[in-house]
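Structure record follows, encoded as structure tokens.
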Amino acid sequence: MIKVGIIGSTGYAGGELVRILMGHKDVEIKWYGSRSYIDKKYYEVYQNFFQIVDAVCMDDNMEALAEQVDVIFTATPQGFCASLLNEEILSKVKIVDLSADFRIKDVATYEEWYKIEHKSPQFIEEAVYGLCEVNREDVKKARLVANPGCYTTCSILTIYPLAKEGLIDMNSIIIDAKSGTSGAGRGAKVDNLYCEVNENIKAYGVTNHRHTPEIEEQLGYASGEKVLLNFTPHLVPMNRGILATAYATLKEGVTYEDVRAAYDKYYKEEKFVRVLDKDVCPQTKWVEGSNYVDVNFKIDKRTGRIIMMGAIDNLVKGAAGQAVQNMNLMFGLKETEGLDLIPMFP
């Protein structure tokens, strides 16, 4: 059995990690870390775990935790993991970090967008960006994985085949994305109150959302060129889900068949990426509660542009599910173990 510790287990992503790992046949959760609920029963925080999880919430002592488990998930705010990580810890335990601390390779870019000093830049180069469908072989050898962001997972996987095959003008990309409110975390914020969110939709982080450089960097690796794009997220009144709609100019002469062949080339064998039938648009309700990504596209012949669409559950493939997928790869397990979650409906 793989012994697991979770720091930040009482946030939304942490709670989802617990839910998924409780159904994983090769895992035992040893540590439910939560600075806010130390000594409180876990089921008293999330009553859906009543008579399922009887453990008490612990603190966030990563050094003590590293002595007891094989892998640590850090579902924590930006800066936390980087502030605690050291070589001694990494020599004892594998880390899957759900924050942005090790996603961006350029320290200056991270500090500019996140407005904090990076406390352990010496590990950035080693960290593997944990987008399993793209970096699977590197993840298998990693001891530190940077779990991608939710918007970035959806956006990158939606665009990746066309970037990789050079079918679109990479400097023409515009991404319009919409997320449920759980993506903002469980902390109390006025903007996330029911009366603020209900019967409303709004753009936020316009021109400066922190996932922008992450998307640009990863699509830059795919295309082999520097990428500059517009990314605008929106908050919609639902609990879960992200829908990303991306627009780009097609290269001269690219046909529907060319585009479809690109998606099939990269995703035909991928369990969790579903390329939908022609003219079927992805919807968040058909991936809710699952680790699936639904993608598709439509070519606008009138403008010579392509509309690429993707849908995920932001807490599963956008966070906890992808983290478990990474863990499975790191320990040589079946990649889908614990993740055969059929989407919930209604």
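Mind checking which helices (runs of 4 or more DSSP H) fall wholly inside region 65-175 and carry at least 1 residues that are over 28 Å from Cys281 (Cβ atoms) and in contact (Cβ under 8 Å) with a residue 12 or more places away in the chain? Helices (runs of 4 or more DSSP H) meeting the threshold: 80-84, 87-90, 107-114, 132-140. Only residues that are surrounded by 17 or more Cβ atoms within 10 Å (Cβ to Cβ) and touching a helix residue (DSSP H, G or I) at 6+ places or on another chain (Cβ under 9 Å) were counted in region 122-132, giving 7. Of these, Ile29, Ile7, which one is in contact with a Lys or Arg (Cβ under 9 Å, 6 or more places away or on another chain) and buried (at least 23 other Cβ atoms within 10 Å of the Cβ)? Residue meeting the stated conditions: Ile7. The set of residues in region 214-228 being out of contact with any helix residue (DSSP H, G or I) (no Cβ under 8 Å at 6 or more places or on another chain) and loosely packed, with under 12 Cβ neighbours inside 10 Å consists of Gly224 alone.
Of the residues making up region 188-213, those that are farther than 21 Å from Arg103 by Cβ and either out of contact with any helix residue (DSSP H, G or I) (no Cβ under 8 Å at 6 or more places or on another chain) or crowded, with 23+ Cβ neighbours inside 10 Å (or both) are Ala188, Lys189, Leu193, Tyr194, Cys195, Asn198, Glu199, Asn200, Ile201, Lys202, Ala203, Val206. Checking each residue in region 73-124 for being among the hydroxyl-bearing types (Ser, Thr, Tyr) and closer than 25 Å to Lys226 by Cβ picks out Thr109, Tyr110, Tyr114. Restricted to region 44-63, and to residues there that are among the β-branched types (Val, Ile, Thr) and assigned to a loop (DSSP other than H, G, I, E, B), the residue that is nearest to Gly5 (Cα to Cα) is Val53. Restricting region 67-117 to residues that are acidic (Asp, Glu) and touching a helix residue (DSSP H, G or I) at 6+ places or on another chain (Cβ under 7 Å) leaves a set whose member that is surrounded by the most Cβ atoms within 10 Å (Cβ to Cβ) is Asp101. Within region 191-205, restricting attention to residues that are in a loop (DSSP other than H, G, I, E, B) and over 20 Å from the mean Cα position of the chain (by Cα), the residue that is farthest from Val236 (Cα to Cα) is Leu193.
Residues in region 296-326 that are surrounded by fewer than 24 Cβ atoms within 10 Å (Cβ to Cβ), farther than 16 Å from Ala244 by Cβ and not basic (Lys, Arg): Ile299, Asp300, Thr303, Gly304. Residues that are among the charged types (D, E, K, R) and farther than 23 Å from Arg136 by Cα are absent from region 264-272. Number of residues in region 1-42 that are β-branched (Val, Ile, Thr) and either out of contact with any Leu (no Cβ under 9 Å at 6 or more places or on another chain) or assigned to a helix (DSSP H, G or I) (or both) equals 4.
When region 63-83 is limited to residues that are under 15 Å from Ile124 (Cβ atoms) and among the hydrophobic types (A, V, I, L, M, F, W, C), the one that is nearest to the chain's Cα centre (by Cα) turns out to be Cys81.
Rule-based calculations on the coordinates, nothing more; no lab input. If you're wondering where the values come from, they're calculated on a predicted model, not measured in any experiment. Note that each Cβ is placed from the backbone with ideal geometry, even for glycine, and that neighbours are counted across all protein chains shown.
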